[in-house]
Amino acid sequence: MDFDIIFGNAARAAFGPEAVILALAAVGLNVHFGFTGLLNFGQVGFLLLGAYGTSVSVATFGWSLWVGVVVGLVLSVALAVALGFPTLRLHAVMFAIVTIAAAEIIRILIGSTDAIGLTGGPLSVSFDAGAFYDLNPYPDGPHDRYGIGTFEFTGQQLWVITVGWVLVALVCLAVFLIVRSPWGRVLKSIREDEDAARSLGKNVFSYKMQALVIGGVIGGMGGVIDAIKTSGADPNGFRPQVTFFAYTALLLGGSATYLGPVLGAILFWFLREWIESFLRQLTAEAWLPDAAADFLDGTEGVISVAMVGLALVLLMLFRPQGIVGNRTEMQLDAR
Amino acid sequence: MPDDLTPRPEPGPAAGEIEPILTVPPEVGAPKPNPILVVDNLTRSFGGLRAVDVDHLEMERGVVTALIGPNGAGKTTLFNLLTGFDRADTGRWSFDGQPVTSPSPDQLARKGMIRTFQLTKSLAKLTVLDNVLLGAPGQVGERLPVAPFRSRWRHQEQANTERAEELLERFNLAHMRDELAGTLSGGQRKLLEVARALMAEPVLIMLDEPMAGVNPALAQSLMRHITLLAYEGLSVVFIEHAMDVVTGISDWVVVLAQGRVIAEGPPWKVIHDDEVIDAYLGRRRAGAGS
């Protein structure tokens, strides 16, 4: 059992591109759910359009990567508007149902064999993200490694996560600036009681739409990073659990806080990878009974997700406000 | 029926003249000298039940009007219709001389018709101060392109904060300024909601049972404050079901029973009206009354 390797894997996951993507998804969700109270269960749809908008623009249409990024983000805005117009006037539950269904519909359409010509269908799509890596300032020889001990990245990986975390920081700053304003106060008032906001002259529909677009675009940025990181997109990467992982990260860190979703995303990936690596090492231990080793072999990933779920349950029991949340605020829900 | 949708010239009482509302005869549907709200043929049914059925009703500007009636008389439904929170089956009404064509709650509120709710809607996870600040009209910082730039809305926010603090002071809530509104007692929430409504600089404030659950001393000071505001030109309509409460504080009383206006007039006249007494106590045997 080598705890150095386990820790290295966990730390790499916690600060790697996957955590960046989850952080962006969760920050966007925080704008929807945390601040505005919109029960968006289709956040993955925004990531999907960000990723496929970028990939398809470059791979299918041969446009530049930067145009692809813009296309991805514009598609996220379009999805927010398309979802919001019919549903934002309805009850919150309707909105939740429509979002989860819409995200699935998009994923299934994009992954269908009929869409092979455009999106690669079930075969996934790949493109050359060279334009992004050309800007990489870190030397990226075959032996170049950055980090300490087992916590290390290649030059290319380091470039992706540098850009990723800078983006996360900028997004968090932007969210902080708009939410601490009177505009943010209206959002929170809508979360607390729509009719009260209306009775004071606030156009609730318009504010919800603005929040939906902003949170959706932030999710779309996560998708763009995903596309660049993998130089492509695969429909299987955008199943509904991505949304649930984003909710997990958001609740772990603390809903309606500025840094909670980011901390939650880091913690989510750290825990998940730590447990998975630990189980892999455990499987190889000689003293483990064969039956247990057989059971663990190949199921490490599933068990680690289950453990993260358990962590969330414990969190709800002992610290329902999340890592950085406000306990008094949380307790008001029970009234 | 006269065309009530055209704005009337303001009569403007000269000094020494009696209050114009006192010249109005105490009859159902009586025209007022300077109405803020004019309602015609307003109906709303829930299934077979006709909750509101008002032929003609005018509410005078700058006075305190009490809307009373037994439970289930349709007072809150009437409020909901007028403020756009519910859709009327038929009817039209005008507010501040303007016909209300497509009633939406937020538009009406921006025009100065501000209401409160019977079941208080305090915003639990906002501070008491933020609750009141939310009411401030015309905030530039509520527009997304301006919101990130604090320097653009700081001054307005400061001025609003000062006003909000004055209101909190008046309603004995100043010491709770930074507490979350969800921690307030029921009565305090009621007061907070009235403070928030006043923060919105209403032309007409419509209070749905403002005194329910508020301790009597505080309720008195609340209503004194409201009559004072009416004196300064604010129009006030409030719902109450206890008849005795309204006499001291209202200039005019409208009585609703089973959705219909059954009487209106100055409080001292209305409380002796036979039909009103019937509505509250149940109908007398034929021939026993009058």
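The values are calculated or read from the model by the stated rules, or taken from the named source; none is laboratory data. For clarity, every value in this text was computed on a predicted model and none was experimentally measured. Cβ placement follows ideal geometry from the backbone for every residue including glycine, while neighbour counts extend to all protein chains displayed. We work out accessible area using only protein heavy atoms, side chains counted, and drop any ligands, DNA or RNA first. Shrake-Rupley method; radii C 1.70, N 1.55, O 1.52, S 1.80 Å.
A few comments on the model shown:
- Accessible heavy-atom area order of B:THR127, A:THR54, A:THR230, highest first, probe of 1.4 Å: A:THR230, B:THR127, A:THR54
- Using C-alpha pairs below 8 Å separated by at least 6 residues, the relative contact order for the range A:95-143 is 18 percent.
- With a 1.4 angstrom probe, the accessible area lost at the A-B interface totals about 2900 Å².
- Whole-Hz ³J(HN,Hα) from phi, Karplus 6.51 cos²θ - 1.76 cosθ + 1.60, for the range A:18-24, glycine and proline x: 4, 5, 4, 4, 5, 4, 5
- Amide hydrogen neighbours beyond the local backbone of B:HIS56, cut-off 5 Å, H modeled: B:ASN41
- Listed peptides A:13-26, A:317-330 appear in the order A:13-26, A:317-330 once ranked by packing, highest mean of other Cβ atoms within 10 Å at the front.
- Paramagnetic label zone (point 7 Å from Cα along Cα-to-C-beta, A:ASP4; backbone N under 14 Å) in the range A:139-171: A:148-152
- For B:ASP208, distant residues with modelled amide H under 5 Å away: B:THR116, B:PHE117, B:ILE239
- Annotation: peptides B:211-217, A:60-66, ranked by per-residue average of other Cβ atoms within 10 Å with the highest first, follow the order B:211-217, A:60-66.
- In loop segments of the range A:208-300 as defined by DSSP, the GluC sites (Glu not before Pro) with at most 16 further C-beta atoms inside 10 Å of their C-beta are A:GLU285.
- Scattering curve values for the range B:169-290, log₁₀ I(q)/I(0), Debye with Cα scatterers, q = 0.12, 0.15, 0.19 Å⁻¹: -0.53, -0.76, -1.07
- For the residues of A:188-196, the average number of beta carbons from a partner chain within 10 Å of their own beta carbon is 6.
- Rolling a 1.4 angstrom probe over the protein assembly as shown with all protein chains present gives an accessible area of which 60% lies on carbon and sulfur atoms.
- Span from the the range A:174-242 Cα centroid across to the the range B:55-97 one, whole angstrom: 38 Å
- Entries in B:LYS75/B:LYS269; B:LYS32/B:LYS121; A:LYS208/A:LYS229; B:LYS32/B:LYS111; A:LYS188/B:LYS75 that, when Cα-Cα distance is taken, lie over 28 Å: B:LYS32/B:LYS121; A:LYS208/A:LYS229; A:LYS188/B:LYS75
- Over chain B, the hull volume per residue, using the convex hull of the C-alpha atoms, is 165 Å³.
- 3J(HN,Hα) from dihedral phi, the range A:199-212, Karplus parametrisation 6.51/-1.76/1.60, rounded to Hz, x for glycine, proline: 5, 9, x, 8, 7, 4, 4, 4, 5, 4, 5, 4, 5, 4
- Per-residue shielding of B:138-149, expressed as the average number of other chain Cβ atoms within 10 Å of the residue Cβ, stands at 6.
- Accessible surface for B:MET243 stands near 40 Å², nearest 10, in the context of the full protein assembly shown (1.4 Å probe).
- For the range A:178-238, the spherically averaged projection of the C-alpha convex hull amounts to 5.5 nm².
- Kirkwood Rh, angstrom, the protein assembly as shown [1 / mean 1/r, Cα pairs]: 28.0 Å
- More than 36 Å apart - percent of Cα-Cα pairs taken over chain A: 22 percent
- In terms of its alpha-carbon gyration tensor, the range B:31-118 comes out rounded; the largest-to-smallest axis ratio a/c stays below the 1.5 threshold.
- Under the criterion of Cα pairs below 8 Å and six or more residues apart, the relative contact order for chain B equals 25 percent.
- Take each peptide in A:154-166, B:41-53, count the other Cβ atoms within 10 Å of every residue, and average; sorted highest first, the result is A:154-166, B:41-53.
- Largest to smallest accessible area among B:HIS155, A:HIS32, A:HIS143, B:HIS241 [probe 1.4 Å]: A:HIS143, B:HIS155, B:HIS241, A:HIS32
- Inter-chain shielding of B:117-127 (mean C-beta neighbours from other protein chains, 10 Å cut-off): 5
- Gap separating the Cα centres of the range B:190-258 and the range A:92-167, nearest whole Å: 59 Å
- Amide H contacts of B:SER45 (H built 1.01 Å from N, in plane; Pro and chain starts excluded): B:ALA51, B:ASP89 sit under 5 Å, all sequence-distant by 5 or more or on other chains.
- CD proxy at 222 nm, helix term only [per DSSP H run n ≥ 4: -39500 (n - 2.57); per residue of chain B; nearest 500]: -9000 deg cm²/dmol
- At least 20 Å² of accessible area lost relative to the chain alone, listed for the range B:196-222 with a 1.4 Å probe: B:ARG196
- In the range B:189-259, GluC sites (Glu not before Pro) in a DSSP loop with at most 14 other beta-carbon atoms within 10 Å: B:GLU232
- Residue-normalised accessible area of the protein assembly as shown, given per residue in Å² at a 1.4 Å probe: 44 Å²
- Cα long-axis angle, helix B:216-231 against chain B (0 to 90 degrees, to the nearest 10): 90 degrees
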